[in-house]
1. Sort the range 87-172 into rounded, prolate or oblate with this rule: let a ≥ b ≥ c be the square roots of the eigenvalues of the Cα gyration tensor; rounded if a/c is under 1.5, and if a/c is not under 1.5, prolate when a/b is larger than b/c, oblate otherwise.
2. Report ³J(HN,Hα) in whole Hz for each residue of the range 34-46, in order, from the Karplus equation J = 6.51 cos²θ - 1.76 cosθ + 1.60 where θ = phi - 60°; Gly and Pro get x.
3. For Ser73, what residues show an amide H to amide H distance below 5 Å, using hydrogens built from the backbone and excluding near sequence neighbours?
4. I need the phi-derived Karplus couplings for the range 117-126: 6.51 cos²θ - 1.76 cosθ + 1.60, θ = phi - 60°, integer Hz, Gly and Pro marked x.
5. Counting only residues 5 or more places away or on other chains, whose amide H sits under 5 Å from the amide H of Met155 once H atoms are built in the peptide plane?
6. To the nearest 10 degrees, how steep is helix 105-115 against the longest Cα principal axis of the chain, on a 0 to 90 scale?
7. Contact order normalised by length for the chain, with contacts defined as Cα pairs under 8 Å and 6 or more residues apart; what percent is it?
8. What ranking do Phe48, Phe93 get, fewest neighbouring Cβ atoms within 10 angstrom at the top?
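Since every read-out is calculated from the coordinates, none of them should be taken as a lab result. On a predicted model such as this, the values are computed, not experimentally measured, just so you know. In this analysis, Cβ positions are derived from the backbone assuming ideal geometry, glycine residues included, and neighbour counts consider all displayed protein chains.
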Amino acid sequence: MDLLENLEWRYAAKAMNGNKIPQEKIDKILEAIRLAPTSSGLQPFEVFVITNDSVKQKIKAVAWDQQVVTQCSHLLVFTAWDTYTEDRINYMFDLTNEKRGFENEGWENYRQQLLNSYPQKSDEENLNHAARQAYIAFAHAIMAAANEKVDATPMEGFDPNAVDEILGLPSKGLKSCVLLPLGYRDVSEDWLVNLEKVRKPMDKMVTIIS
């Protein structure tokens, strides 16, 4: 099946059957996340992959008691940097130089430009920017899951502060921004499974300027 067919197949499963996803499929989804583009290539986010039932139960309790949190095979928690720091910026620039095997004057000038910009902004502004980058990777995860015929249920309905505490994120300089349970739909229990996918028509979505 091609990409569009896979995206037509996918939906936000409301019930999952608890069956485990093969590790090779999880690895492909995580690699798609890692390959996602981000502003200045900084990748200002981290993803937590949760299979521990006890941790899932704790998160379910602060996620409007949504059953897919505990029914899923793997629960992904996308977290964003709580702010941009010199160390975080320098790490990615140094990594780039190491991987490419050379330093470039223009690249180093760009490093300094970011160092003179992001750390001087408010934590709130930086967090909002980092979270937007996490959502780009989040979209990659959803598409990669569809490509692997794995159900993925986007979830913003949870208490971020509570999830932060459960996962010990404050000490890591991270804040949770979105959840993504991965698993397989329970066709006998999911009220949404047989309903038609509804999206706006193309002419209501896209404006062509030529």
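1. It is oblate, given that a/c is not under 1.5 and a/b is not larger than b/c.
2. 5, 8, 5, x, 9, 4, 6, x, 7, 6, x, 8, 9
3. Leu182, Gly183, Tyr184
4. 10, 4, x, 8, 7, 5, 4, 5, 5, 5
5. Residues meeting the amide H criterion: Leu179.
6. Helix 105-115 sits at roughly 70 degrees to that axis.
7. Once normalised by length, the contact order is 36 percent.
8. Phe48, Phe93
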